[in-house]
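The values are calculated or read from the model by the stated rules, or taken from the named source; none is laboratory data. Computed from a predicted model, the values in this text were never measured in an experiment. Quick reminder, even Gly has a Cβ in these numbers, built from the backbone with ideal geometry, and neighbours come from all protein chains shown.
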Amino acid sequence: MQTAPRMTPGRRAYVEVPADPQQTRNRILQAIAVAFIVAYPFLDLLFGWQALLAFIPMMLMITLALGLNIVVGYAGLLDLGYAAFYAIGAYAAAFFTSPNSPLARVLPGSPFAWMQDFWVAMIMAVLVSGFAGALLGAPTLRLRGDYLALVTLGFGEIVPRLIKNLEPWTKGVKGMNPIGRPYLFGCQFGVDPCEILGMKLKLGMIPYYYLTLVIGAISIFAIIRLRNSRLGRAWAAIRDDEIAAQGMGINPVTTKLWAFSLGASFSGATGAIFGAYLQTISPDQFEYSTSVIVLCMVILGGTGNIWGVMLGGLLIQSFDRIFAERLTGWIHKAGALTGDPTITAAFNSFDLLKSRLLVFGLCLVLIMNLRPQGILPNRKRRETALTDLPEEDLVPEESVLIAGADVPTEKPR
Amino acid sequence: MLTFEYFLQQLVTGLANGMLITLVAIGYTLVYGIVEIINFAHGDVFMLGAFSSVTTLQALGAQAVKRVANKDQSPIPETYLWLLIALVTSMVFCATLNVLIERLAYRRLRRGSRMAPLISAIGVSFILQNVGIYWKGVSPVNFPRYIPQIDLVKAMGIDSFVRVTTKDVFVLIVTVPLVIALTLFIQRTKLGKAMRATAQDRDAAQLMGIDTNRTIALTFLLGGALAGAAGLVSGLYNNTAGFQMGFSYGLNSFTAAVLGGIGNLNGAMLGGVFIGILAAMSDGYLDARWTPVVIFGTLNLVLIIRPSGILGQDLAERA
Amino acid sequence: MTASNDSSDVVLDVTGLTKRFGGLIAVDSVDFQVRRRQIVSLIGPNGAGKTTFFNMVAGQYEPSAGRVIFNGKALHGLRPHQITARGIGRTFQNIRLFTNETLLENVLVGMHSRLKSGPFASLLRLPSQRREENEAREKGMALLHLVRLDRYANEAAGNLPYGMQRRLEMARALASEPQLLLLDEPTAGMNPQETVNMIALIRRVRDAFGVAVLLIEHDMQVVMGLSERVTVLNYGQKIAEGTPLDVQRNDNVIEAYLGRRHKRPEDEAADGGTH
Ligand SMILES: Nc1ncnc2c1ncn2[C@@H]1O[C@H](COP(=O)(O)OP(=O)(O)OP(=O)(O)O)[C@@H](O)[C@H]1O
Ligand SMILES: [Mg+2]
């Protein structure tokens, strides 16, 4: 050990934390990925990939997974009814903006007419979902992990059924439509031609793509900030060892409540955009299987690691929305190539889209049993502990005293 | 007193369904009692039990189906044998399946967090549902009407709106002895003792020379067998089976197990009958579409207000 | 120990503290005091109720009877996190670090009750939040330096060898700015060199931070070398109390440790380290 550093007021030496060597490489990869994603709609047009319409819901689902990751990955709470909050967000936005909603009868002309604006409705959706999360969490977060999971499952089942049954308000299984559209500079998203600054443009769904992208990016920034904050550390502590965390001054109930509520509020924004994008929402979009698919995305990529979650989301969503269909097509073609009618028929009966839940089920079982930490594990933990560290001499008295004295001893009371 | 008779009618239906729910709930409760895993796939094992039963029955008695199709005609004697064969095959099938599931999907996860086995169980549940879809398709299959539906109340010469049919009795004839047999097995036999010891303290049990892996497998086997029996009986009682019934029945049964006090055998019975009746009342007085909301609401309320259930003492003492 | 006149000097005052587990009385109406800046040891054979005593003071267990007064205020009914905020920090007998988090993060978690920024301040990176965060990191690194672990600040805590994990736990407990530090067997499983270092560290911590230290120990070398007072528990009951020397010579203590009285106190001193 070097000679003990003299600590002077305003010293910064201790804050310098050695840079992670992988970080630079990651930065470059990230930059390339970001450039590709930002330019995607034009590349899509240029090369005729025709996947833009698959990409938008895909990115929405990944944003949803990022929100669930707060609950499952950061705070370690298993939420099996996340789609319910998503539904609450989507329906909240629809209630405010749809001409067929019960609110449409009272809002126009009232002092609250401004609430029918999509952006306002989206913010309301965030608040309402976050509030719903707190409401469900408050009585249940003291429960043991597996019991909590079941409460969320029950909640996830109740919400879509309530939507189905409360027909006069929600339009039941038929669903709600149309839904207010986002707009910018007077251009209604998804309505062509769009007039911006006097130019008439045919943008198709491109504005939705960028809206989703922006919301996704905001989510990522927000989540990284939260993760590295006092609250984020408390989540990790609760997840790793609740008793020790309490011993460190962390209130487990409020900490979990924040996770539940913030996680839910992410799904609110996503739900609002999802509804506007599809222009129709119905209860069957928010059932148990949706919750499990989002959970699968979180777990496959690496619980607690947002890059892992995004990777998992990308894999599952691209399977679900792009490859399952194309693979099935290729298999059918391969069957036809053999020329044999029975083989062709056998190949044709094969449909990955019908078995998507089977694939997700297998995925869950395999990950849990073979690689429970997911593809990209939550960093840091080495395979083997460091055993050969030198035991450092703790005796150099002076420096220890100085270091100790640096820490305020008396707290103001 | 038509309204009272209506109430009684719902009670009868609820009781029969409650016994079926009990059989499935016992599977949850046994497994939870011993390894503290919520075997989420258990409902789907039950569903596959129903599918295996219908397959066996169809294979055995293609011509009998025609003869018994007329529901007032009393069945030919062989059908009882076939029913017995179907019952045994379904029980063996589900028992094996459940043991396999434990071996492949849960065993390695026993020592980790509570979350891991639950997630794995959800995965298994999806897999089994898809197996069900491949086996019998997405639309519900009809069960052969082997159990005649004779109204016993009327047969006794009482004129009443309430019907207690041979079907209701059939459910009781199969389920009650099974529950009694299981209780005796757990209370009286050496294996049952090993189960109770393992449930109380797995490590201590292991030290006392109990093969805990085998005991846990046995628990899954028993739970699976009961689910298999429930699969057959529910198919015959409701005349139909579909791949989604595992999820709904499973959750009803799970709610029953939690309500009674998960880990507690008597609790499962109490909870099963209660949930069966509650569902029937909700069907009868509210509307069938509200029943799931009522059941899930009950589940959540129980978990929030009294997570250890009505008879939860046993588990609390054990923990 | 009789109550002294200047009671303001007493940081922890426990009277009649009792804990029953079913029929077992793990701690049996124990009276106990710790003064400011004092290092006090709690010793006793295995299962004597020492950890249970800690858990009641720290709020992990609800006492069956008795009361705990800390800084003149009763701790009755407070949750563990509230007690930490009041100024009691602790380590655990079987180390309970947040193994997946870095050393620095572990210490920062320890600061939880001393930091204020809420989620929204963090989301917006308000200047106050950034300042607080920087100061916390700085302080965290200073604490890691104190226990000589600052080099490994970015390592996951679970990767550390045992002895270092104990030191990290101590830094984490100190991060909550306690006035009373509860250390449950801080040298358990350490080799002689590590033990010597730990003794020096504990004394230094007391001197630098002015905390009172209450430690559970089996290693008599640590107990004798460090503590100003020693309390002995046996089967939940306090059987002796006093200076290390008094306790060492106390017949009850010798009997508790050796069963029947067949050794002389002089022999016991040499033997004590085995417990
Ligand atoms: N949660 C609990 N439930 C039931 N009994 C308990 C519990 N915690 C401790 N005990 C019992 O209380 C008694 C005292 O235990 P405690 O852990 O306090 O002893 P200790 O003095 O710390 O022992 P050691 O030196 O081995 O750490 C023991 O008999 C123990 O089995
Ligand atoms: Mg102890």
Looking for something at pLDDT 90 or above and either within 16 Å of ligand 2 (Cβ to nearest atom) or not assigned by TED's automatic domain parsing to the domain that holds C:Pro45 (or both) - is there at least one such residue anywhere in the range C:166-177? yes
Hey, can you tell me all the residues within the range C:225-242 that are more than 15 Å from the chain's Cα centre (by Cα) and either part of a strand (DSSP E or B) or not assigned by TED's automatic domain parsing to the domain that holds C:Ala212 (or both)? C:Val232, C:Leu233, C:Asn234, C:Gln237, C:Lys238, C:Ile239, C:Ala240, C:Glu241, C:Gly242
Just to be sure, is C:Leu160 within 10 Å of the chain's Cα centre (by Cα) and either within 16 Å of ligand 2 (Cβ to nearest atom) or not aromatic (Phe, Trp, Tyr) (or both)? no
Selection status of C:Pro80, within 14 Å of another protein chain (Cβ to nearest Cβ) and more than 13 Å from ligand 2 (Cβ to nearest atom): yes
Under 6 Å between Cβ atoms, which residue pairs at least 6 apart in sequence (or on different chains) link something in the range A:100-119 that is farther than 14 Å from A:Pro168 by Cβ and outside the structural domain of A:Ser282 (by TED's automatic domain parsing) with a partner that is part of a helix (DSSP H, G or I) and of a type outside the set (Gly, Ala, Ser)? none
For the list (1) part of a helix (DSSP H, G or I); (2) under 15 Å from the mean Cα position of the chain (by Cα); (3) crowded, with 20+ Cβ neighbours inside 10 Å; (4) within 14 Å of another protein chain (Cβ to nearest Cβ), I need the number of the one condition that B:Ile262 fails. (1)
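State whether the residues of the range C:115-122 include one that is more than 16 Å from ligand 1 (Cβ to nearest atom), of a type in the set (D, E, K, R) and either under 30 Å from A:Ile220 (Cβ atoms) or within 7 Å of chain A (Cβ to nearest Cβ) (or both).
Yes.
Counting only residues that are of a type in the set (Phe, Trp, Tyr) and closer than 20 Å to A:Ala35 by Cβ, which one in the range A:201-225 is nearest to the other protein chains (Cβ to nearest Cβ)? Explain how you work it out, then say what you get.
So in the range A:201-225, the residues of a type in the set (Phe, Trp, Tyr) come out as A:208-210, A:221.
Keeping just the survivors that are closer than 20 Å to A:Ala35 by Cβ gives A:209-210, A:221.
On the way: A:Tyr209: 25, A:Tyr210: 22, A:Phe221: 9 Å.
Here the residue is A:Phe221.
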In the range C:185-218, what residues are within 16 Å of ligand 1 (Cβ to nearest atom) and crowded, with 23+ Cβ neighbours inside 10 Å? C:Pro186, C:Thr187, C:Leu214, C:Leu215, C:Ile216, C:Glu217
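So is C:Phe21 within 16 Å of ligand 2 (Cβ to nearest atom), in the same structural domain as C:Glu255 (by TED's automatic domain parsing) and surrounded by fewer than 23 Cβ atoms within 10 Å (Cβ to Cβ) or not? It would help to see each step written out before you state the result.
Numbers: within 16 Å of ligand 2 (Cβ to nearest atom): yes; in the same structural domain as C:Glu255 (by TED's automatic domain parsing): yes; surrounded by fewer than 23 Cβ atoms within 10 Å (Cβ to Cβ): yes.
Against the criterion (within 16 Å of ligand 2 (Cβ to nearest atom), in the same structural domain as C:Glu255 (by TED's automatic domain parsing) and surrounded by fewer than 23 Cβ atoms within 10 Å (Cβ to Cβ)), C:Phe21 qualifies.
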Criterion first (within 16 Å of ligand 2 (Cβ to nearest atom), among the hydrophobic types (A, V, I, L, M, F, W, C) and surrounded by 22 or more Cβ atoms within 10 Å (Cβ to Cβ)) does C:Phe98 satisfy it? no
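Could you say which residue among C:Leu226, C:Leu146, C:Leu180, C:Leu160 is within 22 Å of A:Gln246 (Cα to Cα) and either in contact with a strand residue (DSSP E or B) (Cβ under 8 Å, 6 or more places away or on another chain) or facing chain A (nearest Cβ under 9 Å) (or both)?
C:Leu180 is the lone residue from the list that is within 22 Å of A:Gln246 (Cα to Cα) and either in contact with a strand residue (DSSP E or B) (Cβ under 8 Å, 6 or more places away or on another chain) or facing chain A (nearest Cβ under 9 Å) (or both).
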Output the residue which, of all residues in the range B:1-51 that are touching a helix residue (DSSP H, G or I) at 6+ places or on another chain (Cβ under 9 Å) and among the charged types (D, E, K, R), is surrounded by the most Cβ atoms within 10 Å (Cβ to Cβ). B:Asp44
Which pairs do you get when a residue that is surrounded by 14 or more Cβ atoms within 10 Å (Cβ to Cβ), found in the range A:343-370, comes within reach of a residue that is among the charged types (D, E, K, R), reach meaning Cβ atoms under 7 angstrom, with the pair 6+ apart or on two chains? A:Arg356/A:Asp320; A:Asn369/B:Arg108
Would you be able to say whether some residue in the range A:352-371 is among the charged types (D, E, K, R), more than 26 Å from B:Gln244 (Cα to Cα) and either within 14 Å of chain B (Cβ to nearest Cβ) or not in a helix (DSSP H, G or I) (or both)? yes
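Among the residues of the range C:46-67, how many are outside any strand (DSSP E or B) and surrounded by fewer than 17 Cβ atoms within 10 Å (Cβ to Cβ)? Please lay out each step first, then the result.
From the range C:46-67, those outside any strand (DSSP E or B) are C:46-64; that's our starting set.
Add one more test, that the residue is surrounded by fewer than 17 Cβ atoms within 10 Å (Cβ to Cβ), and what stays is C:46-47, C:62, C:64.
Residues that pass the stated criteria total 4.
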Do you know which residues across the range B:183-216 are over 22 Å from B:Ile37 (Cα atoms) and outside any helix (DSSP H, G or I)? B:Thr189, B:Met208, B:Gly209
Within the range A:113-147, considering residues that are under 13 Å from A:Ser98 (Cα atoms) and among the small types (Gly, Ala, Ser), the one modelled with the lowest pLDDT: A:Ala113
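Assess whether C:Ala48 counts as being within 12 Å of ligand 1 (Cβ to nearest atom) and either of a type in the set (Phe, Trp, Tyr) or more than 8 Å from chain A (Cβ to nearest Cβ) (or both).
For C:Ala48, the condition - within 12 Å of ligand 1 (Cβ to nearest atom) and either of a type in the set (Phe, Trp, Tyr) or more than 8 Å from chain A (Cβ to nearest Cβ) (or both) - is met.
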Of the conditions (1) surrounded by fewer than 24 Cβ atoms within 10 Å (Cβ to Cβ); (2) touching a residue at least 24 places away in the same chain (Cβ under 8 Å), the single one that A:Ala132 does not satisfy is (1)
Looking at the structure I just gave you, is C:Ile83 of a type in the set (A, V, I, L, M, F, W, C) and away from ligand 1 (no atom under 16 Å from the Cβ)? yes
When C:Leu215 is evaluated against the numbered criteria (1) assigned to a helix (DSSP H, G or I); (2) within 16 Å of ligand 2 (Cβ to nearest atom); (3) more than 11 Å from chain A (Cβ to nearest Cβ), which criterion, by number, is the only one it fails? (1)
Test for C:Phe70: is it buried (at least 19 other Cβ atoms within 10 Å of the Cβ), farther than 30 Å from C:Tyr152 by Cα and more than 16 Å from ligand 1 (Cβ to nearest atom): yes
Restricting the search to the range C:71-116, which residues are part of a helix (DSSP H, G or I) and among the aliphatic types (A, V, I, L, M)? C:Ile83, C:Ala85, C:Leu103, C:Leu104, C:Val107, C:Leu108, C:Val109
Would you mind stating whether A:Leu53 is farther than 30 Å from B:Ser113 by Cα, out of contact with any helix residue (DSSP H, G or I) (no Cβ under 6 Å at 6 or more places or on another chain) and in a helix (DSSP H, G or I)? yes
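In this structure, does B:Asp168 turn out to be acidic (Asp, Glu), buried (at least 17 other Cβ atoms within 10 Å of the Cβ), more than 14 Å from chain A (Cβ to nearest Cβ) and at negative phi?
yes
Filter the range C:219-235 down to the residues that are touching a Ser or Thr at 6+ places or on another chain (Cβ under 8 Å) and within 16 Å of ligand 1 (Cβ to nearest atom), then identify the one that is farthest from C:Leu12 (Cα to Cα).
Taking the range C:219-235 first, the residues touching a Ser or Thr at 6+ places or on another chain (Cβ under 8 Å) are C:219, C:221-223, C:226-231.
Filter once more, keeping what is within 16 Å of ligand 1 (Cβ to nearest atom): C:219, C:222-223, C:230-231.
Working: C:Asp219: 24, C:Val222: 22, C:Val223: 19, C:Val230: 15, C:Thr231: 14 Å.
Checked the range C:219-235; the qualifying residue farthest from C:Leu12 (Cα to Cα) is C:Asp219.
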Does the range C:127-147 contain at least one residue that is of a type outside the set (D, E, K, R), at pLDDT below 90 and either under 19 Å from the mean Cα position of the chain (by Cα) or within 16 Å of ligand 1 (Cβ to nearest atom) (or both)? yes
